[in-house]
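Peer 1: Can you keep this structure in mind? I'll have questions shortly.
The values are calculated or read from the model by the stated rules, or taken from the named source; none is laboratory data. Keep in mind that what you see is a predicted model, and the values were worked out from it rather than measured. Note that each Cβ is placed from the backbone with ideal geometry, even for glycine, and that neighbours are counted across all protein chains shown.
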Amino acid sequence: MNMIFEKELRRPEEVKEMYPITEWTKQTVEKKRQEIQNVFEGKDSRLLLIIGPCSADNETSVLDYISRLIPVQEKVKDKILIVPRIYTNKPRTTGEGYKGMLHQPNPNEKPDMFKGLLATRHMHIRAVNETGFVCADEMLYPENYRYLDDILGYVAVGARSVEDQQHRLTASGIEVPVGMKNPTSGDYSVMMNAILAAQHSHTFIYRGWEVQSEGNPHCHAILRGSTNKHGNNLQNYHYEDLIRLCDAYDARELKNPAVIIDTNHSNSNKNPFEQPRIVKDVLNSCKSSTRISSILKGFMIESYIEDGNQKIGEGCYGKSITDPCLGWEKSEKLIYEIADCI
């Protein structure tokens, strides 16, 4: 093979022994997971807000950001359930650029995957222990989910991964809600087929084992916009797009029909300041259609301490080094506005 095998990574069980969770942490995770599942099952009428940096590039600033959500969550607890984003894997369209903390725990140093595995687990545990939040991450590498399977509350499968068989089958064996994004082409059928696959049981190869999954009844859609053949961004959060999704759900026998609206990426033309307007547009659609309001379970918002983004090494604390984000003051205001609208 045209590869250099640099080192064998530790097994998930070994990494968990290095960074174990306490009984309190385990109970906190179980409680929060149940709350999130209740939203998808319609037992809890609150909206989910999956909010945080585009990529978790610095443990100190990410934990600072999440800690700021604590008093906000308390004020909106009757209407909104906040799930902070700690996205430690960053898919890259061309393979170039910062690939997230898993690859580079220090963005200014060369990749070190083992240090990255330790750093991601350490940060997720700190988030639970210090803030009480159970967080979300993107599943870029299905085989790596085992390193975090006892600490996450929500998992997303990205637009470039949603058609991959291993992502779909692994999602079928995950015990927390998994959101399937529409592909960059915008084809709903790809996303719906992924949800269908993930909701059923399968036998497949995972981490060198033959395994059998039980199916994930909380697998659902995430609408994030798309790109046409000319490279132009197309939105799919409008009323007509949401009705089309309702029709797609009605045409299939799926459990817990649900959608999360990703307010950035192609839906905002990667302009983070459009996110508040998009949220309000979707909430207005809910007022016009009970079908839409019944499947809308929340929003995914890219937010950090500072507005915008920066290049690696520029050194602005709490500012994204990947996609631009909505700054803290605007994000806090948006959360309160959402609560006032529902």
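Peer 1: Any residue at all in segment 270-281 that's over 24 Å from GLU332 (Cβ atoms), at pLDDT 95 or above and over 16 Å from the mean Cα position of the chain (by Cα)?
Peer 2: no
Peer 1: Now for a different question. Among the listed residues LYS75, LYS7, LYS43, LYS115, which satisfies the condition of being of a type outside the set (Gly, Ala, Ser), assigned to a helix (DSSP H, G or I) and either farther than 30 Å from GLY313 by Cα or in contact with a Phe, Trp or Tyr (Cβ under 8 Å, 6 or more places away or on another chain) (or both)?
Peer 2: On the way: LYS7 fails: assigned to a helix (DSSP H, G or I); LYS43 fails: assigned to a helix (DSSP H, G or I); LYS115 fails: either farther than 30 Å from GLY313 by Cα or in contact with a Phe, Trp or Tyr (Cβ under 8 Å, 6 or more places away or on another chain) (or both).
None of the other options fit; the residue is LYS75.
Peer 1: Now, a different point. Determine whether GLU306 is modelled with pLDDT of 95 or more, farther than 23 Å from GLY158 by Cα and not in a helix (DSSP H, G or I). Don't jump to the end; show me each part of the working.
Peer 2: Details: modelled with pLDDT of 95 or more: yes; farther than 23 Å from GLY158 by Cα: yes; not in a helix (DSSP H, G or I): yes.
Judged against the criteria, GLU306 is a match.
Peer 1: Name the residues in segment 93-125 that are free of Cβ contacts under 8 Å to residues at least 60 places away in the same chain, over 19 Å from ASP323 (Cβ atoms) and basic (Lys, Arg), would you?
Peer 2: Hits for segment 93-125 are LYS110, LYS115.
Peer 1: Here is a follow-up. Determine if segment 84-95 includes at least one residue that is at pLDDT 95 or above and either surrounded by fewer than 22 Cβ atoms within 10 Å (Cβ to Cβ) or not in a loop (DSSP other than H, G, I, E, B) (or both).
Peer 2: Checked against the condition, which is being at pLDDT 95 or above and either surrounded by fewer than 22 Cβ atoms within 10 Å (Cβ to Cβ) or not in a loop (DSSP other than H, G, I, E, B) (or both), segment 84-95 yields at least one hit.
Peer 1: Among what's in segment 184-206 and is under 21 Å from the mean Cα position of the chain (by Cα) and of a type in the set (S, T, N, Q), pick the residue that is nearest to ASN264 (Cα to Cα).
Peer 2: First pass over segment 184-206, keeping only residues under 21 Å from the mean Cα position of the chain (by Cα): 184-199.
Still in the list and also of a type in the set (S, T, N, Q): 184-185, 189, 193, 199.
Numbers: THR184: 13, SER185: 16, SER189: 22, ASN193: 23, GLN199: 27 Å.
Only one residue fits best here, namely THR184.
Peer 1: Now a separate question. Out of the residues in segment 217-233 that are closer than 30 Å to PRO177 by Cβ and among the small types (Gly, Ala, Ser), which is surrounded by the fewest Cβ atoms within 10 Å (Cβ to Cβ)?
Peer 2: Per the stated criteria, the residue is SER226.
Peer 1: Next question, about the same structure. Does LYS255 satisfy the criteria of being modelled with pLDDT of 95 or more and among the basic types (Lys, Arg)? Let's see the steps before the verdict.
Peer 2: On the way: modelled with pLDDT of 95 or more: yes; among the basic types (Lys, Arg): yes.
Considered against the rule, which asks whether it is modelled with pLDDT of 95 or more and among the basic types (Lys, Arg), LYS255 comes out as yes.
Peer 1: Continuing with the same structure: Cβ contacts < 6 Å: first residue over 19 Å from ARG68 (Cβ atoms), restricted to segment 305-316; second residue surrounded by 14 or more Cβ atoms within 10 Å (Cβ to Cβ) and of a type in the set (Lys, Arg), any location; separation 6+ or different chain. Result?
Peer 2: Pairs found: GLN310/LYS319.
Peer 1: Further question: Give all pairs with beta carbons closer than 6 Å in which a residue from segment 289-302 that is part of a helix (DSSP H, G or I) meets a residue that is modelled with pLDDT of 95 or more and hydrophobic (A, V, I, L, M, F, W, C); count only pairs at least 6 apart in sequence or on separate chains.
Peer 2: ARG291/CYS246; ILE292/LEU242; ILE292/CYS286; SER293/CYS286; ILE295/ALA258; ILE295/VAL259
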